[in-house]
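The structure under discussion appears below in the form of structure tokens.
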Amino acid sequence: MTNARDDNATLDVLVAGGGYVGLSLALALKKSDPAIAVAVVDTRAREAIAKDLRCSAIASAAERMLTHLGVWSQFAARAQPINEMIITDSRLRDVARPVFLTFSGDVAPGEPFAHMVANADMVGALHDTASQAGVEMIAPDSVTCYETTGETVAIELASGGTRTARLLVAADGVRSKLRDLAGISTVHWNYDQSGIVCTVEHERPHEGRAEEHFLPSGPFAILPLTGNRSSLVWSEKTSVAETLVKGDDFTFEMELERRFGHHLGALKIAGGRHAYPLSLTLARDFVKPRFALAGDAAHGIHPISGQGLNLGFRDAAALAEIIIGARRLGQDIGAFDVLEQYERWRRFDTFQMGVVTDVLNRLFSNDSDVLRAARDFGLGLVERMPGLKGTFIREAAGLSGQVPRLLTGEAI
């Protein structure tokens, strides 16, 4: 890695944010056009990536993109296929937890609709592959401000260095400082929920089955990992979540067992537990002249559908396709009319997903008998309609709608 420095050479693209979105965008650009000059500014040094203990669900489309970029094979052996998903709707006090909806089957022979992977494996592989491909890594550092001046963007770094680029991409997370500097407003509200994230070990094998239990306080998702382990995304009232995370292990495990059940045997917490607030954040604009948002900087949604990460991969693939297409036509990649193509492509999809997750969370995170009867009737109908279930599986796999080429496994 290099430290931030003054450099007279103008970059084509500077990406602020070295997470999966920023790195996959940078790598996609460099793989598609080795002559393009790309740099990634990240607040973390390479060693810090390995300390990320979280896991993520990678849709089939994202797997195809990572395979094309030469990344997937580096951690495929440690990825856990999701072979089946079940959905239940119940109260904690209910004796039985009936299954209303099941999803199973491959999107293509031998291709599950999703895998669970460790973030450290995925982001580490993206980082190393991008670096080897010639992407300049500036870390640990961050962009503090920028100014658009004609055909370039003048960028200042926290370390005191400066860079110049034709396009600045903000992939710096849901609390994006660059989004604010660009004057882009958001639609935002909190859910008064927090997501508790932890990993558990259990006695019995999960057989690759994911479970989503809709409880009055919010969805409780059990996602299979390699071995007899599962990753949990446990939505709870914020006040309750904070108490549980800060409390003693015995109380936490008792509450966990009430929600998890006993079907996988005895449970044991593996590693720490963390809670983060859940909210909806949608940027009103995705682009400005020589500036674009990608990933959580453009949209932060409720995890009820498990699609936040995969929306970010769609952003990276779509923006890479727009940039490379413009270069091949001799166009200015930072020009507003070029970037507007990316905004038109991605904004409706992300707003639609934001609305869907918001409605689902409000519909299922309550204890209304009327709403419970209506939603259970609806789930039952879907269970009896194989064609509609197939549509939902393709949606979960990231293969519906206008899919960027990289997400189909094709070169740009």
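The values are calculated or read from the model by the stated rules, or taken from the named source; none is laboratory data. The structure presented is a predicted model; accordingly, all values stated were derived computationally and were not measured. Using ideal geometry, Cβ is built from the backbone for each residue, glycine included, and neighbour counts are taken over all protein chains shown.
Observations, loosely collected:
- Scan the stretch 220-257 for residues that are over 21 Å from residue 210 (Cβ atoms), touching a residue at least 40 places away in the same chain (Cβ under 8 Å) and assigned to a helix (DSSP H, G or I) and the total you get is 5.
- Any hit, the stretch 304-314, residues being aromatic (Phe, Trp, Tyr), under 22 Å from the mean Cα position of the chain (by Cα), under 28 Å from residue 376 (Cα atoms) and part of a helix (DSSP H, G or I): no
- Residue within the stretch 211-218 that is farther than 30 Å from residue 370 by Cα and either surrounded by fewer than 12 Cβ atoms within 10 Å (Cβ to Cβ) or of a type outside the set (A, V, I, L, M) (or both) present: no
- When each of 209, 175, 166 is tested for being in contact with a strand residue (DSSP E or B) (Cβ under 9 Å, 6 or more places away or on another chain), farther than 30 Å from residue 118 by Cβ and basic (Lys, Arg), the lone residue that passes is 166.
- Only one of 80, 74 that is polar (S, T, N, Q), crowded, with 24+ Cβ neighbours inside 10 Å and in contact (Cβ under 8 Å) with a residue 12 or more places away in the chain: 80
- Pairing residues of the stretch 393-412 that are closer than 22 Å to residue 304 by Cα with residues that are of a type in the set (Phe, Trp, Tyr) and at pLDDT below 95, at Cβ distances under 6 Å and at least 6 apart in sequence or on separate chains, gives 393/103; 393/113; 396/113; 397/113.
- Restricting attention to the stretch 373-406, the residues that are among the hydroxyl-bearing types (Ser, Thr, Tyr) and outside any helix (DSSP H, G or I) add up to 1.
- Hey, residue 92 touching a residue at least 40 places away in the same chain (Cβ under 8 Å), outside any strand (DSSP E or B) and surrounded by fewer than 19 Cβ atoms within 10 Å (Cβ to Cβ) or not: yes
- Contacts under 7 angstrom Cβ, first residue in the stretch 25-50 being among the basic types (Lys, Arg), partner in a helix (DSSP H, G or I) and at pLDDT 95 or above, 6 or more apart: 30/130; 30/133; 31/133; 46/127
- Candidate set from the stretch 97-121 (those that are within 30 Å of residue 51 (Cα to Cα) and of a type in the set (A, V, I, L, M)); member that is surrounded by the most Cβ atoms within 10 Å (Cβ to Cβ): 114
- Restricting the stretch 71-89 to residues that are touching a Gly at 6+ places or on another chain (Cβ under 9 Å) and not in a loop (DSSP other than H, G, I, E, B) leaves a set whose member that is nearest to residue 226 (Cα to Cα) is 80.
- Failed condition for residue 145, given (1) at pLDDT 95 or above; (2) touching a Lys or Arg at 6+ places or on another chain (Cβ under 7 Å): (2)
- Any hit, the stretch 56-68, residues being part of a strand (DSSP E or B), among the β-branched types (Val, Ile, Thr) and in contact with a strand residue (DSSP E or B) (Cβ under 8 Å, 6 or more places away or on another chain): yes
- Complete set of residues in the stretch 327-342 that are closer than 16 Å to residue 30 by Cβ and either buried (at least 20 other Cβ atoms within 10 Å of the Cβ) or touching a Phe, Trp or Tyr at 6+ places or on another chain (Cβ under 7 Å) (or both): 333
- Residues satisfying the stated conditions in the stretch 277-299, i.e. in a strand (DSSP E or B) and not hydroxyl-bearing (Ser, Thr, Tyr): 277, 278, 280, 282, 283, 287, 288, 291, 292, 293, 299
Condition check ((1) without any contact (Cβ under 8 Å) to a residue 12 or more places away in the chain; (2) touching a Pro at 6+ places or on another chain (Cβ under 9 Å)) across all residues:
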site: 307; (1), (2): no, no
site: 320; (1), (2): no, yes
site: 327; (1), (2): no, no
site: 348; (1), (2): yes, no
site: 351; (1), (2): no, no
site: 357; (1), (2): no, yes
site: 366; (1), (2): no, yes
site: 373; (1), (2): yes, no
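- Among the residues examined, residue 374 does not qualify as of a type outside the set (Lys, Arg) and under 18 Å from the mean Cα position of the chain (by Cα).
- Restricting the stretch 258-276 to residues that are touching a Phe, Trp or Tyr at 6+ places or on another chain (Cβ under 8 Å) and in a strand (DSSP E or B), the residue that is surrounded by the most Cβ atoms within 10 Å (Cβ to Cβ): 273
- Just one of (1) of a type in the set (A, V, I, L, M, F, W, C); (2) outside any strand (DSSP E or B); (3) surrounded by 19 or more Cβ atoms within 10 Å (Cβ to Cβ); (4) not assigned by TED's automatic domain parsing to the domain that holds residue 176 fails for residue 323. It is (4).
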